[in-house]
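Working notes, structure below.
Nothing in this text is a laboratory measurement; each read-out follows from the coordinates by a stated rule. Nothing here was measured: the structure is a model prediction, and the numbers come from that model. Methodologically, a virtual Cβ is constructed for each residue, glycine included, from the backbone with ideal geometry; neighbour enumeration extends over all protein chains shown.
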Amino acid sequence: MTSHLMPTYATASATFVRGRGTILWDTEGKRYLDFLGGMAVVCLGHAHPAVAAAVAEQARTLVHVSNFYGSLPGERLAAELDTLLGGDGLVFFANSGAEANECAIKLARKRGGSGKHVVISALGSNHGRTLATLHASGEPAKHRTYQPLPEGFRHVPWHDLDALATAFDPTVGAVLLEPVQGAAGVRPATAEYLHGVRRLCDEYSALLIMDEVQTGLGRTGRWFGHQHFGVRPDVVTVAKALGNGVPIGACWARREVANSFTTGDHATTFGGQPLASSAGLAVLSELRRIDAPASARRAGERLARGLRGLAGVREVRGLGLLVAAELADGHDADEVSDRALAAGLVVNAVTDTALRFAPPLTVTDDEIDEALAILGGVLA
């Protein structure tokens with residue numbers, strides 16, 4: 001069949017038509033275990049009844065109004081997020097993680113003012129694919145095609161405080177980091193590193209922005225990844241899990257920082273509209289009900305322990321239920337992920353040598369064991 005989609009992705013090796021929990025079915029009726037979760041998006045599993053009911057009810061009530069007017073679901077969701085992040089903050093809703101990070105970058109520039117606009121981020125990071133968030137991402141190979149990119153971005157090696165200190169000067173308005181670098185192969189920060197970053201930001205009156213798009217809302221075993229390390233950021237961005245597949249993103253900032261924006265400084269047509277916000281409220285309610293951080297810790301420990309026991313895996317990294325398996329020499333991650341898909345397991349070759357796992361936080365022990373058996377067979 002001829003596709004009418006732009007060729008921005010590789011040819012699809014499977015087309016899924018239905019899901020329930022951790023299970024997907026394709027056009028041929030074949031069953032798969034989804035251990036990618038739509039890139040850590042489907043935190044409650046596919047077709048979760050509480051989220052489906054909330055979306056259906058809101059669709060029958062009010063789908064969209066302009067942000068010139070109030071939205072009760074949006075106000076409620078903003079309050080819920082603020083509570084999870086410690087309070088005394090304000091929220092801007094967007095439609096994706098990239099847009100949430102765009103908001104954070106613009107907020108840092110507005111607060112810093114003329115001459116204090118530079119954002120420092122880490123090599124190996126991924127903060128989005130808009131022009132600004134692409135340049136914020138520490139993936140130089142992806143920058144070349146789209147030059148000239150917006151100015152005002154610097155990159156330093158991940159986990160190198162000396163390099164970060166050297167990159168600082170009075171023009172720096174913010175440091176943008178992930179608590180766990182996902183695209184680089186699931187590489188967590190350390191408390192020592194993030195506390196050092198916080199000290200440098202304080203010294204230079206720069207914002208510390210934590211990109212929690214992939215790590216937020218229980219995925220790592222805490223509500224937010226930075227909470228493992230005892231660091232208080234100035235700005236936090238979230239998306240992915242917030243809608244369990246319904247597109248929504250959010251940028252939270254400390255009230256004093258958020259008030260740098262005034263009317264007209266930033267806007268969106270769809271961000272925070274009632275349908276997406278109702279999905280977000282249902283997601284947060286369910287995540288609380290199941291104690292999502294505890295679920296991620298328990299399931300993540302079982303998955304990591306099982307991966308360490310597989311021949312062909314030489315290292316396991318991650319936090320909670322965001323896990324990478326570094327493969328032994330002789331194994332190509334793309335090939336392994338393709339063979340796993342053929343065997344009924346959806347995983348992601350996050351680098352040439354590592355697989356990423358981010359199944360729903362509702363994944364069962366039996367499903368973890370089945371996934372490990374499939375992968376073990378592929379690696380053998």
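General remarks:
- Using a Gaussian network model of the chain in which every pair of alpha carbons under 10 angstrom is joined by a spring, one finds that among 280, 230, 320 the greatest mean-square fluctuation is at 230.
- Within the chain, DSSP assigns beta bridges of which about 65% are antiparallel (rounded to the nearest 5).
- Sequence of 283, 316 once ranked by neighbouring C-beta atoms within 10 Å, starting from the fewest: 316, 283
- The Cβ shell under 12 Å around residue 293 holds other residues with a net charge of +4, Lys and Arg each +1, Asp and Glu each -1.
- Options 246, 164, 141, ranked by Cα towards positive dipole end of the stretch 50-289, top entry (Cβ charges): 246
- Shape analysis of the stretch 50-289 places it in the prolate category; the axes a ≥ b ≥ c from the Cα gyration tensor give an a/c of at least 1.5, with a/b above b/c.
- Across every pair of non-identical alpha carbons in the stretch 236-380, the mean reciprocal distance, once inverted, gives a Kirkwood radius of 17.5 Å.
- Using a Förster distance of 45 Å, the FRET efficiency for residue 205-residue 79 (Cβ separation, nearest 0.05): 0.95
- Relative exposure of 205, 277, judged by other C-beta atoms within 10 Å (fewest first): 205, 277
- What the phi angles of the stretch 2-7 give under the Karplus curve with 6.51, -1.76 and 1.60, with θ = phi - 60°, is a coupling list of 6, 8, 9, 8, 4, x Hz, glycine and proline written as x.
- Protection proxy ranking of 143-151, 68-76 - average other beta-carbon atoms within 10 Å, highest first: 68-76, 143-151
- Straight-line cross-link reach from residue 142 at under 29 Å between alpha-carbon atoms covers these lysines, not counting any fewer than eight positions away in the same chain: 106, 110, 116, 240.
- If the chain linking residue 369 and residue 23 were pulled fully straight, counting 0.36 nm for each residue of separation and taking away their Cα-Cα distance, it would gain 123.1 nm.
- Cα lying deepest toward the dipole's positive end in the chain, options 175, 112, 231, charges on Cβ: 112
- Additional length obtainable on full extension of the chain from residue 147 to residue 352, 0.36 nm per residue less Cα span: 71.2 nm
- Net length available on complete extension from residue 15 to residue 169 is 50.5 nm, with 0.36 nm assigned per residue and the Cα-Cα distance removed.
- If R0 is 45 Å, the Cβ-Cβ spacing of residue 343 and residue 59 corresponds to a FRET efficiency of close to 0.75.
- Toward the positive end of the charge dipole of the chain, with +1 on the Cβ of Lys and Arg and -1 on the Cβ of Asp and Glu, the farthest Cα among 257, 14, 312 is that of 257.
- Going from the fewest other Cβ atoms within 10 Å to the most, the residues 195, 266, 48 appear in the order 195, 266, 48.
- Of the DSSP H helices in the chain, those with a Cα length along their own long axis of 20 Å or more and a mean Kyte-Doolittle hydropathy reaching -0.5 comprise 274-289, 365-379.
- Shape of the stretch 1-61, Cα gyration tensor, a/c cut at 1.5: prolate
- Mean residue ellipticity at 222 nm, helices only, the chain: -10500 deg cm²/dmol; runs of at least 4 DSSP H residues each add -39,500 (n - 2.57), and the sum is divided by the number of residues.
- Dipole magnitude for the chain: computed about the Cα centre from +1 point charges on Lys and Arg Cβ and -1 point charges on Asp and Glu Cβ, it is near 520 debye.
- Distance from the C-alpha centroid of the stretch 286-352 to that of the stretch 140-176: 30 Å, rounded to the whole angstrom.
- Relative contact order, percent, the chain [alpha-carbon distance under 8 Å, six or more residues apart]: 23
- Overall, the anisotropy analysis places the stretch 137-239 in the oblate class: the square-rooted eigenvalues a ≥ b ≥ c of its C-alpha gyration tensor yield a/c not less than 1.5, with a/b not exceeding b/c.
- Cysteines not pairable in the chain (beta carbon separation under 4.7 Å absent): 43, 201
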